[in-house]
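Chemist: Here it is, the structure, as C-alpha cells.
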Amino acid sequence: KMHVRRPAGSIPSPPWVVGMALLRTRALLSTAGFTFVCWSGGGQSVEQSDEYGARIDPWLKNYERAIRVTEDEVLLLRLHRGEFGAFHEDGSGPLALPHEMRNQLLSVFPPEALVEPVDAGLWAEKVRLHSLGVRMDPACPVNGENHLEKTIVEVFDALKGSPRRTALNIGGLYGGTFGALADAPDDPTVELLRHSAADGMRVLCWNCGEVASITRVGSLAPRFRLEDVDLLSPELAAPAGFRELDLLRLDFMPAGQSCQVLRRLLRAGARPRLVAMLVLSQIPPPFRYAPLASASTKIPPDAVFSCSLAAAQEVLEPYDLFLVRLTGPYALFALRGAWPEPLPISDLDCYRGAGVWGHRALPIETVRDWLFSSVDAALPKIWGNLSELHGPDRPFSLAL
C-alpha cells in the first residue's frame with residue numbers, strides 16, 4: 001500500500017485526486033490477468049510478462065484491471081470496444097467519474113485498445129470482397145489456448161455422424177514428460193485420444209518421437225502406431241486403414257511445408273472430418289503464403305514455419321473442409337457435412353479476434369497494418385517484408 005502524506009492541518013484531498021496521484025506512480029496497479037504491451041525501438045515486440053501471444057485487434061479484447069485509488073478503496077476498470085466503466089470492488093456501478101480522473105484511468109490500458117483500428121464500413125466491405133464467408137462466428141477465435149488442446153474435444157463432440165475412430169498425427173506431441181510439469185491438457189491429439197479411448201480410437205503417429213514419455217499419454221501408448229516417414233516424398237500417402245479419419249493433425253513440418261504435405265495426403269485419399277494444423281498467423285487472410293523448398297534451395301528462415309491460414313484453406317476447400325476455430329498459431333477445420341452450423345464463416349472476422357504468436361521477426365504492429373489496410377496497399381508491403389526475410393535463395397509463393 002502507498003500512503004499520500006499531507007501537511008498537518010491541511011484539507012484532505014477528494015478520493016479521486018488521491019487516486020490520480022497514486023496513478024502517476026503506476027505502483028499500485030494490480031496486473032493479475034493483464035498484460036502491458038511495449039515495443040523496442042526497432043519496432044520489434046518485447047516479450048510480454050504473462051502471455052506469449054498478442055491479440056490481433058486489442059479493440060475487441062475485454063480488459064479488466066483492479067486499481068487502488070485510496071488506502072481503503074479499489075476500483076475495477078473495464079474496457080471493451082471503446083466502452084469504459086469503473087466499478088466498486090463488489091461490482092456495483094458504473095461510477096460517474098470526473099473527466100480528468102477518467103482520462104487518467106484510461107492511461108492504464110494499451111493505446112491500441114482505445115481506438116477502433118478500421119472504419120466499420122470499410123471492414124464490412126473487405127469481408128464482403130475477400131472473406132471466404134460472411135457469417136461471423138464469435139466462437140471461432142480461441143484465446144487462452146495454445147494448441148486447441150481443449151477446443152478439440154468440444155468441436156469433436158459437436159460433429160454430426162458416426163466417429164471413424166482413427167487419427168493421423170504428424171509431428172511431435174506437446175506436454176510434460178515422465179510426470180514433469182502440470183498434468184494439464186496441452187496436445188489436441190492426446191486429448192482427443194483420451195476422450196475417445198473407450199470407443200477404440202487409434203492413432204497413426206508419423207515422426208512423433210517418444211510418445212510413451214508424454215505424461216498424459218500414460219497407459220494409452222499402445223494406441224499409437226509409430227512410424228518414421230519422409231514427409232517431403234512426392235509419394236506420401238496414408239495407409240489404407242488410416243484414410244477415413246476423425247482427425248488429421250500437422251504440427252511443425254520440415255522446411256515449413258505444411259500446405260504441401262496436406263495437399264499430398266488429401267490427393268492420395270486421406271479424408272478427415274477434422275484438420276488441426278499449425279499456420280503462420282502473421283500473414284492475414286486473404287493472403288496465401290507458403291514457403292517453398294527443394295533439394296537445390298536453402299530451407300526457409302525459422303520465422304516462417306508454416307503456410308498462412310488462407311493458403312491452408314485453399315488446399316482444404318475442394319475437400320469441403322472449412323475453418324471453425326483459430327487460436328492464432330493453430331487452425332481447426334471441419335468437414336462441412338459434419339458441422340452443425342453453416343460453413344464457410346468469415347475467416348477475416350475470426351482472424352481479427354484471434355492472436356499472433358512468436359512475432360519477433362514480423363512485429364504485431366506490422367501484422368495489424370497488413371490486416372487493416374486495403375488489400376491493394378497491403379500486398380506489396382507483405383511481398384517486400386517476406387522477400388527481405390527469405391533472401392535471394394529461399395523461395396516462397398504469395399497470392400490472393
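The values are calculated or read from the model by the stated rules, or taken from the named source; none is laboratory data. Keep in mind it's a predicted model, so treat the numbers as computed, not measured. Heads up, the Cβs are rebuilt from the backbone with ideal geometry, glycines too, and the neighbour counts pull from every protein chain shown. Side chains included, ligands, DNA and RNA excluded: accessible areas come from the protein's heavy atoms. Shrake-Rupley method; radii C 1.70, N 1.55, O 1.52, S 1.80 Å.
Chemist: Any residue at all in the range 128-145 that is open to solvent by 50 Å² or more (accessible area, probe 1.4 Å), more than 23 Å from the chain's Cα centre (by Cα) and among the hydrophobic types (A, V, I, L, M, F, W, C)?
Modeler: yes
Chemist: So, I299, is that one of a type outside the set (F, W, Y), modelled with pLDDT under 90 and under 15 Å from the mean Cα position of the chain (by Cα) or not? Outline the logic, then answer.
Modeler: Values: of a type outside the set (F, W, Y): yes; modelled with pLDDT under 90: yes; under 15 Å from the mean Cα position of the chain (by Cα): no.
Here the answer is no, as I299 does not meet what is asked.
Chemist: In the list M201, M136, which residue meets the criterion of being in contact with a Ser or Thr (Cβ under 8 Å, 6 or more places away or on another chain) and either of a type in the set (D, E, K, R) or farther than 23 Å from L248 by Cα (or both)?
Modeler: On the way: M201 fails: either of a type in the set (D, E, K, R) or farther than 23 Å from L248 by Cα (or both).
Going through M201, M136 in turn, the sole match is M136.
Chemist: Have a look at V229, V190 and point out the one that is assigned to a loop (DSSP other than H, G, I, E, B), of a type in the set (V, I, T) and modelled with pLDDT of 95 or more.
Modeler: Values: V190 fails: assigned to a loop (DSSP other than H, G, I, E, B).
None of the others qualify; the one that does is V229.
Chemist: Another one. Tell me which of these Q104 doesn't satisfy, since it passes every other one: (1) farther than 25 Å from A331 by Cα; (2) in contact with a Pro (Cβ under 8 Å, 6 or more places away or on another chain); (3) in contact (Cβ under 8 Å) with a residue 60 or more places away in the chain; (4) not basic (K, R).
Modeler: The single condition Q104 does not satisfy is (2).
Chemist: Let me ask you something else. How many of the residues making up the range 369-390 are touching a strand residue (DSSP E or B) at 6+ places or on another chain (Cβ under 9 Å) and over 15 Å from A303 (Cβ atoms)?
Modeler: Looking only at that region, the number is 2.
Chemist: Right, another one. Could you check the range 379-390 and list, in sequence order, the residues that are under 18 Å from A361 (Cβ atoms) and touching a residue at least 40 places away in the same chain (Cβ under 8 Å)? Explain how you work it out, then say what you get.
Modeler: Taking the range 379-390 and keeping what is under 18 Å from A361 (Cβ atoms), we get 381-390.
Hits for the range 379-390 are I382, L386, L389, H390.
Chemist: Then there's this: Here is a list of conditions, (1) within 22 Å of the chain's Cα centre (by Cα); (2) among the acidic types (D, E); (3) open to solvent by less than 80 Å² (accessible area, probe 1.4 Å), and E125 meets all of them except one; can you say which number that is?
Modeler: Failing condition for E125: (1).
Chemist: Output the residues belonging to the range 171-192 that are within 20 Å of the chain's Cα centre (by Cα) and under 17 Å from G209 (Cα atoms).
Modeler: Restricting attention to the range 171-192, the residues satisfying the condition of being within 20 Å of the chain's Cα centre (by Cα) are 171-175, 184-192.
Residues satisfying the conditions are G171, G172, L173, Y174, G175, D186, D187, P188, T189, V190.
Chemist: So V275 clears everything in (1) surrounded by 18 or more Cβ atoms within 10 Å (Cβ to Cβ); (2) at pLDDT below 95; (3) within 26 Å of V229 (Cβ to Cβ); (4) not aromatic (F, W, Y) except one condition, right? Which one?
Modeler: Every condition holds for V275 apart from (2).
Chemist: For R325, indicate whether it is crowded, with 23+ Cβ neighbours inside 10 Å and modelled with pLDDT of 95 or more. Reasoning before the result, please.
Modeler: Values: crowded, with 23+ Cβ neighbours inside 10 Å: yes; modelled with pLDDT of 95 or more: yes.
Against the criterion (crowded, with 23+ Cβ neighbours inside 10 Å and modelled with pLDDT of 95 or more), R325 qualifies.
Chemist: OK, next. If the Cβ limit is 8 Å and pairs must be 6+ apart or interchain, which residue in the range 120-147 that is within 10 Å of D349 (Cβ to Cβ) pairs with which residue that is aliphatic (A, V, I, L, M) and loosely packed, with under 13 Cβ neighbours inside 10 Å?
Modeler: none
Chemist: Another question about this same structure. So in the range 87-117, with the set limited to residues that are buried (at least 17 other Cβ atoms within 10 Å of the Cβ) and in a loop (DSSP other than H, G, I, E, B), which one is nearest to the chain's Cα centre (by Cα)?
Modeler: Ranking the candidates gives P110 first.
Condition check ((1) under 30 Å from A303 (Cβ atoms); (2) acidic (D, E); (3) exposed (fewer than 13 other Cβ atoms within 10 Å of the Cβ)) across all residues:
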{"site": "S213", "(1), (2), (3)": "yes, no, no"}
{"site": "L220", "(1), (2), (3)": "no, no, no"}
{"site": "D228", "(1), (2), (3)": "yes, yes, yes"}
{"site": "R243", "(1), (2), (3)": "no, no, no"}
{"site": "L247", "(1), (2), (3)": "yes, no, no"}
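Chemist: Separate question: Answer yes or no as to whether R78 is free of Cβ contacts under 8 Å to residues at least 40 places away in the same chain, in contact with a strand residue (DSSP E or B) (Cβ under 7 Å, 6 or more places away or on another chain) and not in a loop (DSSP other than H, G, I, E, B).
Modeler: So R78 passes the test.
Chemist: Considering only the range 340-352, I want to know if a residue exists there that is surrounded by fewer than 24 Cβ atoms within 10 Å (Cβ to Cβ) and free of Cβ contacts under 8 Å to residues at least 24 places away in the same chain.
Modeler: no
Chemist: Would you please list the contacts, defined by Cβ atoms under 7 Å and residues six or more apart or on different chains, that run from a residue in the range 298-311 that is touching a residue at least 24 places away in the same chain (Cβ under 8 Å) to a residue that is assigned to a helix (DSSP H, G or I) and surrounded by fewer than 24 Cβ atoms within 10 Å (Cβ to Cβ)?
Modeler: I299/A255; P300/A255; P300/H390; P301/L389; P301/H390; A303/L389; V304/L389
Chemist: I'm trying to understand the selection: among the residues of the range 146-171, which are within 24 Å of S258 (Cβ to Cβ), assigned to a loop (DSSP other than H, G, I, E, B), open to solvent by 10 Å² or more (accessible area, probe 1.4 Å) and at pLDDT 95 or above?
Modeler: Going residue by residue through the range 146-171, those that are within 24 Å of S258 (Cβ to Cβ) are 146-156, 159, 164, 166-171.
Subset that is assigned to a loop (DSSP other than H, G, I, E, B): 146-150, 159, 164, 171.
Still in the list and also open to solvent by 10 Å² or more (accessible area, probe 1.4 Å): 146-147, 149-150, 159, 164.
E149, K150, L159, R164, listed by residue number.
Chemist: What's the total number of residues in the range 357-378 that are in contact (Cβ under 8 Å) with a residue 60 or more places away in the chain, aliphatic (A, V, I, L, M) and assigned to a helix (DSSP H, G or I)? Can you show your working first?
Modeler: Keep residues of the range 357-378 that are in contact (Cβ under 8 Å) with a residue 60 or more places away in the chain, which gives 357-368, 370-372, 374-375, 378.
Filter once more, keeping what is aliphatic (A, V, I, L, M): 361-362, 364, 367, 371, 375, 378.
Right, trim to assigned to a helix (DSSP H, G or I) and you get 364, 367, 371, 375, 378.
Qualifying residue count, the range 357-378: 5.
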